[in-house]
Amino acid sequence: MSFAKAQDLLRLAQIAASRRGGVSLEDICAEFDVSHRTAQRMTEALDATFTNVTTSDDIERRRYWRLEAPLSERLQPRQETAIEALEIAARTAREEGRIRHSRALEDLRNGLLARLNTRDALRSEADAEAVLAGLGQVTRPGPTVAMKPAVTEAVIEALRGPLRLRVFYGAQGDAPRVIEPHGMLLGHRSYLVARQPARGENILSFRMDRIHEAQVLNESFQLAQGFSLENYAAMAFGVYQDPEQYGEVVWRFTPAAAERAAEFRFHPTQTVELQDDGSLIVRFQAAGWLEMAWHLYQWGDKVEVLAPAGLRELVAGHQRSDFDALP
């Protein structure tokens, strides 16, 4: 067996031991980017190598392989990449004010290091530091909105319940509001997605940076039936939600910009149509015309808004022909 195959077999054993339900052939194909037949050979090697492999079938007759006991500590693979990933994730969580998540990730990192001998631990830390030193962040113009860690922690605690929150939102001195959190949208400006019973059943968005104080109440609630944070986020082009603007959006990129535009994922629901003249039609369903206009300005006169009419009017007269480059 080649070294690469041995490494794949060890990784497969770890996956089979860590997943409560085991691992299926479809999982193996996706994890290792291999064919169905290769996945079958890998499970055969797993059975032949380890004595504690069990199998089970689900209601759709898919078979799952599982290792009933964790691998020996001596069979752990090198952890440099995992330590790097945990360091990056912990740093990101801390920058976003998710202190609890940052500490949990740091604890996982420290646990991995504690399982290594001194020489390997020092080498892993040095390698991780080298990678982190080489990773930078592109500075983008615009405000950097800082969230209050105490508010973020309260929101996360309420989401875990789910429990209601009492928040002081907006201008200083405004009366507190009781809201029912359904999720958080993290980005250049982060939002708390919640229902405010005093304002009805509609799901609303609250800017996290405008929440001055948040208190978790010992009051549970039922999440809105059928609510999906992913679907809610997809209703907007950016972050702003406006039900009155929601609808089909159609943009036509000129032949000169079609190849570049085809590289963009403007929206999760988008479809693209290459035209006979070389232009590109992009369609999706969303709201938020102002954020669309901000983005379209970067394309100069290389894009035309076919729909909706309101967005077409908003960008009319602002399409320049003297931009030196496309986004």
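Taking first residues from the range 81-102 that are within 17 Å of residue 187 (Cα to Cα) and partners that are assigned to a helix (DSSP H, G or I) and of a type in the set (Asp, Glu), the Cβ contacts under 6 Å between residues at least 6 apart in sequence or on separate chains come to 90/106. Screening 157, 153 for residues that are farther than 17 Å from residue 232 by Cα, in contact with a strand residue (DSSP E or B) (Cβ under 7 Å, 6 or more places away or on another chain) and modelled with pLDDT under 90 leaves exactly one candidate, 157.
Figure legend. Inter-residue proximity from the range 149-177: first residues more than 20 Å from residue 189 (Cβ to Cβ) and hydrophobic (A, V, I, L, M, F, W, C), second residues at pLDDT 90 or above and surrounded by 17 or more Cβ atoms within 10 Å (Cβ to Cβ), beta-carbon distance below 8 Å, spacing 6+ or different chains. Indicated pairs: 158/164; 158/165; 158/181; 158/214; 158/216; 163/216; 163/221.
Only one of the numbered conditions (1) surrounded by 14 or more Cβ atoms within 10 Å (Cβ to Cβ); (2) on the phi > 0 side of the Ramachandran plot; (3) without any contact (Cβ under 8 Å) to a residue 40 or more places away in the chain is not met by residue 323, and that is (2).
Evaluated against (1) crowded, with 17+ Cβ neighbours inside 10 Å; (2) modelled with pLDDT of 95 or more; (3) not polar (S, T, N, Q), residue 288 falls short on exactly one condition, (2).
On the given criteria, is residue 275 more than 16 Å from residue 241 (Cβ to Cβ), of a type in the set (S, T, N, Q) and crowded, with 16+ Cβ neighbours inside 10 Å? Answer is no for this residue.
Residues that are polar (S, T, N, Q), under 23 Å from residue 239 (Cβ atoms) and part of a loop (DSSP other than H, G, I, E, B) within the range 260-316 comprise 269, 270, 298, listed in sequence order. Any chance the range 304-315 includes a residue that's touching a residue at least 24 places away in the same chain (Cβ under 8 Å), more than 30 Å from residue 160 (Cβ to Cβ), in contact with a helix residue (DSSP H, G or I) (Cβ under 8 Å, 6 or more places away or on another chain) and among the β-branched types (Val, Ile, Thr)? Yes: one or more hits.
The values are calculated or read from the model by the stated rules, or taken from the named source; none is laboratory data. The model shown is predicted, which means the values in this text are computed figures rather than measured ones. Here Cβ is always computed from backbone atoms with ideal geometry, including for glycine, and neighbour counts include all displayed protein chains.
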